[in-house]
Amino acid sequence: MDINADFTKRALVHSADEPWVASPMAGVDRRMLDRIGDEVARATTIVRYAPGSHFSAHTHTGGEEFIVLEGVFQDEHGDYPAGSYVRNPPTTSHTPGSKAGCTIFVKLWQFDMADRTQFCKKMTQDAAPGTDGIATLELHRDARERVTYHQISAETSFEVTDPGGIELLVLDGSLREAGDQLETGAWLRLPEGQPLRALSGHKGAKVWVKTGHLRFAKPPAA
(Lines give C-alpha, C1' and ligand atoms only; values in the text may rest on other atoms or scores of the structure.)
Protein backbone atom coordinates (compact mmCIF):
# COMPACT_ATOMS: atom_id res chain seq x y z
CA MET A 1 0.00 0.00 0.00
CA ASP A 2 1.46 3.35 -1.08
CA ILE A 3 -0.04 6.64 0.22
CA ASN A 4 1.81 9.92 -0.43
CA ALA A 5 4.84 7.72 -1.09
CA ASP A 6 6.69 10.12 -3.44
CA PHE A 7 8.91 12.02 -1.02
CA THR A 8 10.10 14.39 -3.75
CA LYS A 9 6.63 16.01 -3.82
CA ARG A 10 4.71 18.27 -1.44
CA ALA A 11 1.92 16.43 0.38
CA LEU A 12 -0.98 17.96 2.32
CA VAL A 13 -3.79 16.12 4.12
CA HIS A 14 -6.61 17.89 5.96
CA SER A 15 -7.00 14.96 8.34
CA ALA A 16 -10.19 16.22 10.00
CA ASP A 17 -11.95 15.81 6.64
CA GLU A 18 -10.75 12.23 6.09
CA PRO A 19 -12.93 9.21 6.94
CA TRP A 20 -11.89 6.83 9.68
CA VAL A 21 -10.84 3.40 8.39
CA ALA A 22 -11.02 0.33 10.62
CA SER A 23 -7.72 -1.30 11.61
CA PRO A 24 -7.30 -5.05 12.15
CA MET A 25 -8.06 -4.48 15.86
CA ALA A 26 -11.67 -3.88 16.94
CA GLY A 27 -12.29 -0.35 18.18
CA VAL A 28 -9.12 1.08 16.64
CA ASP A 29 -9.57 3.27 13.53
CA ARG A 30 -7.06 5.12 11.35
CA ARG A 31 -6.56 8.06 9.04
CA MET A 32 -3.49 7.30 6.92
CA LEU A 33 -1.29 10.26 5.98
CA ASP A 34 1.64 8.55 4.30
CA ARG A 35 2.54 4.90 4.00
CA ILE A 36 4.91 2.49 2.29
CA GLY A 37 3.93 -1.11 2.98
CA ASP A 38 0.94 -3.06 4.26
CA GLU A 39 0.44 -3.87 7.95
CA VAL A 40 4.22 -3.70 8.41
CA ALA A 41 4.87 -0.26 6.95
CA ARG A 42 6.79 2.95 7.12
CA ALA A 43 3.72 4.91 8.09
CA THR A 44 2.42 8.21 9.40
CA THR A 45 -1.11 7.86 10.76
CA ILE A 46 -3.73 9.37 13.03
CA VAL A 47 -5.16 6.57 15.18
CA ARG A 48 -8.34 6.65 17.27
CA TYR A 49 -8.88 4.24 20.16
CA ALA A 50 -12.50 3.75 21.25
CA PRO A 51 -13.01 3.53 25.03
CA GLY A 52 -11.77 0.21 26.29
CA SER A 53 -9.98 -0.73 23.08
CA HIS A 54 -6.39 -1.92 22.81
CA PHE A 55 -3.82 -3.55 20.54
CA SER A 56 -2.22 -6.88 21.29
CA ALA A 57 1.24 -6.86 22.87
CA HIS A 58 3.89 -6.23 20.22
CA THR A 59 7.50 -5.21 19.69
CA HIS A 60 8.39 -2.14 17.65
CA THR A 61 11.04 -3.62 15.40
CA GLY A 62 11.35 -0.32 13.53
CA GLY A 63 10.50 2.06 16.37
CA GLU A 64 7.43 4.16 17.14
CA GLU A 65 7.02 7.90 17.74
CA PHE A 66 3.69 9.44 18.72
CA ILE A 67 1.83 12.49 20.04
CA VAL A 68 -1.32 12.12 22.13
CA LEU A 69 -3.81 14.52 20.54
CA GLU A 70 -6.89 13.82 22.68
CA GLY A 71 -7.69 11.71 25.73
CA VAL A 72 -5.23 9.47 27.55
CA PHE A 73 -3.15 6.78 25.84
CA GLN A 74 -2.11 3.91 28.10
CA ASP A 75 0.20 0.93 28.24
CA GLU A 76 1.92 -1.09 30.96
CA HIS A 77 4.53 1.67 31.32
CA GLY A 78 2.07 4.42 32.27
CA ASP A 79 -0.60 6.91 31.22
CA TYR A 80 0.11 9.52 28.54
CA PRO A 81 -2.34 12.48 28.49
CA ALA A 82 -2.94 14.85 25.59
CA GLY A 83 0.21 16.79 24.77
CA SER A 84 2.57 13.87 25.44
CA TYR A 85 5.36 13.24 22.92
CA VAL A 86 6.73 9.70 23.12
CA ARG A 87 9.62 7.90 21.41
CA ASN A 88 9.75 4.10 21.62
CA PRO A 89 12.88 3.05 19.69
CA PRO A 90 13.54 -0.28 17.95
CA THR A 91 13.32 -3.36 20.23
CA THR A 92 10.84 -1.74 22.67
CA SER A 93 7.50 -3.44 23.30
CA HIS A 94 4.15 -2.67 24.91
CA THR A 95 0.41 -3.38 24.96
CA PRO A 96 -1.25 -0.06 23.97
CA GLY A 97 -4.82 0.94 24.64
CA SER A 98 -7.11 3.48 26.30
CA LYS A 99 -9.74 3.01 29.00
CA ALA A 100 -11.55 6.28 28.18
CA GLY A 101 -10.54 6.54 24.50
CA CYS A 102 -7.89 8.67 22.81
CA THR A 103 -6.51 9.90 19.51
CA ILE A 104 -2.80 9.84 18.62
CA PHE A 105 -0.55 10.90 15.74
CA VAL A 106 1.94 8.07 15.21
CA LYS A 107 4.97 7.38 13.02
CA LEU A 108 6.29 3.81 12.52
CA TRP A 109 9.50 2.41 11.04
CA GLN A 110 11.23 5.81 10.84
CA PHE A 111 14.05 5.36 13.38
CA ASP A 112 17.75 4.77 13.06
CA MET A 113 17.85 1.03 13.77
CA ALA A 114 20.64 1.61 16.31
CA ASP A 115 18.62 4.20 18.29
CA ARG A 116 17.80 3.09 21.83
CA THR A 117 16.72 6.45 23.30
CA GLN A 118 13.27 6.09 24.87
CA PHE A 119 11.42 8.95 26.55
CA CYS A 120 8.18 10.86 27.05
CA LYS A 121 8.00 14.66 27.13
CA LYS A 122 5.13 17.05 27.76
CA MET A 123 5.23 19.34 24.74
CA THR A 124 3.89 22.44 26.47
CA GLN A 125 6.52 22.45 29.23
CA ASP A 126 9.64 24.59 29.13
CA ALA A 127 9.15 26.14 25.69
CA ALA A 128 11.83 28.78 25.15
CA PRO A 129 10.64 32.40 25.54
CA GLY A 130 9.02 33.72 22.41
CA THR A 131 11.20 35.32 19.75
CA ASP A 132 9.31 37.46 17.24
CA GLY A 133 6.07 35.91 18.49
CA ILE A 134 7.23 32.26 18.43
CA ALA A 135 8.04 30.06 21.48
CA THR A 136 9.94 26.85 20.67
CA LEU A 137 10.67 23.61 22.52
CA GLU A 138 13.16 21.15 21.04
CA LEU A 139 11.80 17.66 21.65
CA HIS A 140 14.54 15.56 20.06
CA ARG A 141 17.69 15.93 17.98
CA ASP A 142 20.11 13.40 16.52
CA ALA A 143 22.25 13.01 13.39
CA ARG A 144 19.19 12.22 11.26
CA GLU A 145 16.49 14.62 12.41
CA ARG A 146 15.26 17.42 14.64
CA VAL A 147 11.81 17.46 16.27
CA THR A 148 10.29 20.66 17.68
CA TYR A 149 7.10 22.13 19.12
CA HIS A 150 6.14 25.76 18.41
CA GLN A 151 3.60 28.15 19.86
CA ILE A 152 3.04 30.87 17.26
CA SER A 153 1.31 34.15 18.08
CA ALA A 154 -1.55 35.49 15.98
CA GLU A 155 -0.75 36.68 12.45
CA THR A 156 2.93 35.84 12.78
CA SER A 157 5.30 34.64 10.05
CA PHE A 158 6.68 31.15 10.64
CA GLU A 159 9.63 29.90 8.58
CA VAL A 160 11.61 26.65 8.59
CA THR A 161 14.57 26.19 6.24
CA ASP A 162 16.27 23.10 7.70
CA PRO A 163 17.69 20.66 5.11
CA GLY A 164 16.46 17.11 4.60
CA GLY A 165 12.73 17.73 4.25
CA ILE A 166 10.09 19.19 6.55
CA GLU A 167 6.97 17.71 8.13
CA LEU A 168 4.37 19.65 10.13
CA LEU A 169 1.20 18.85 12.05
CA VAL A 170 -1.13 21.65 13.16
CA LEU A 171 -2.13 20.82 16.73
CA ASP A 172 -4.28 23.90 17.30
CA GLY A 173 -5.14 27.12 15.48
CA SER A 174 -4.28 27.62 11.84
CA LEU A 175 -1.59 28.50 9.30
CA ARG A 176 -1.65 29.79 5.75
CA GLU A 177 0.96 28.15 3.50
CA ALA A 178 1.38 28.30 -0.30
CA GLY A 179 -2.22 29.46 -0.67
CA ASP A 180 -3.64 26.65 1.48
CA GLN A 181 -5.40 27.08 4.82
CA LEU A 182 -4.10 24.57 7.36
CA GLU A 183 -6.54 24.15 10.23
CA THR A 184 -6.20 21.94 13.32
CA GLY A 185 -5.27 18.42 12.20
CA ALA A 186 -3.69 19.47 8.92
CA TRP A 187 -0.54 17.53 8.02
CA LEU A 188 2.02 18.93 5.59
CA ARG A 189 5.17 17.35 4.17
CA LEU A 190 7.68 19.34 2.10
CA PRO A 191 10.52 17.68 0.16
CA GLU A 192 14.24 18.30 0.48
CA GLY A 193 15.11 21.84 -0.64
CA GLN A 194 11.62 23.32 -0.22
CA PRO A 195 11.41 25.71 2.77
CA LEU A 196 8.31 26.24 4.88
CA ARG A 197 6.97 29.79 4.87
CA ALA A 198 3.64 30.26 6.59
CA LEU A 199 1.51 32.82 8.41
CA SER A 200 -0.51 31.98 11.50
CA GLY A 201 -4.20 32.83 11.74
CA HIS A 202 -5.93 35.33 14.00
CA LYS A 203 -5.85 32.87 16.93
CA GLY A 204 -2.25 31.82 16.37
CA ALA A 205 -1.12 28.21 16.03
CA LYS A 206 0.52 25.34 17.86
CA VAL A 207 2.52 23.03 15.62
CA TRP A 208 4.76 19.96 15.73
CA VAL A 209 7.63 19.96 13.23
CA LYS A 210 10.17 17.33 12.15
CA THR A 211 13.06 18.10 9.77
CA GLY A 212 15.95 16.22 8.16
CA HIS A 213 14.33 12.79 8.17
CA LEU A 214 13.01 12.53 4.62
CA ARG A 215 16.51 11.74 3.29
CA PHE A 216 16.15 8.36 5.01
CA ALA A 217 12.61 7.48 3.89
CA LYS A 218 12.39 3.86 2.70
CA PRO A 219 10.20 0.76 3.17
CA PRO A 220 10.69 -1.36 6.30
CA ALA A 221 13.52 -3.87 6.24
CA ALA A 222 12.42 -7.35 5.27
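The values are calculated or read from the model by the stated rules, or taken from the named source; none is laboratory data. As the structure is a computational prediction, the values presented were derived from the model and not from experiment. Using ideal geometry, Cβ is built from the backbone for each residue, glycine included, and neighbour counts are taken over all protein chains shown. In case anyone asks, the SASA skips ligands and DNA or RNA and just uses the protein heavy atoms, side chains included. Shrake-Rupley method; radii C 1.70, N 1.55, O 1.52, S 1.80 Å.
Only protein atoms count toward the accessible area here, which uses a 1.4 Å probe; on the range 1-159, the carbon and sulfur part of that area reaches 51 percent. Note: relative contact order over the range 66-222, using C-alpha pairs below 8 Å and six or more positions apart, is 19 percent.
Residues whose amide H comes within less than 5 Å of that of Lys99, counting only those at least five positions distant or on another chain, are Gly52 (H built at 1.01 Å from N in the peptide plane).
One decimal place: the segment His140-Ser153 gains 2.4 nm when fully extended, by the rule 0.36 nm per residue minus the C-alpha distance. Stretching Glu70 away from Thr124 to a fully extended chain increases their span by 18.0 nm, per 0.36 nm per residue minus the current alpha-carbon distance.
Output the relative contact order of the range 1-141, whole-number percent, from Cα pairs under 8 angstrom with separation of 6+ residues. Mind showing how you got there, number by number?
Working: 323 pairs, mean separation 30.3, N = 141.
So the answer I get is 21 percent.
If I take all pairs of Cα atoms in the chain, what percentage of them are more than 29 Å from each other? Everything past 29 Å amounts to 21 percent. Taking all protein chains as shown and a probe of 1.4 angstrom, Asp162 keeps an accessible surface of around 50 Å².
This model, with +1 at the C-beta of Lys and Arg and -1 at the C-beta of Asp and Glu, gives the range 103-222 a dipole about its Cα centre of some 340 debye.
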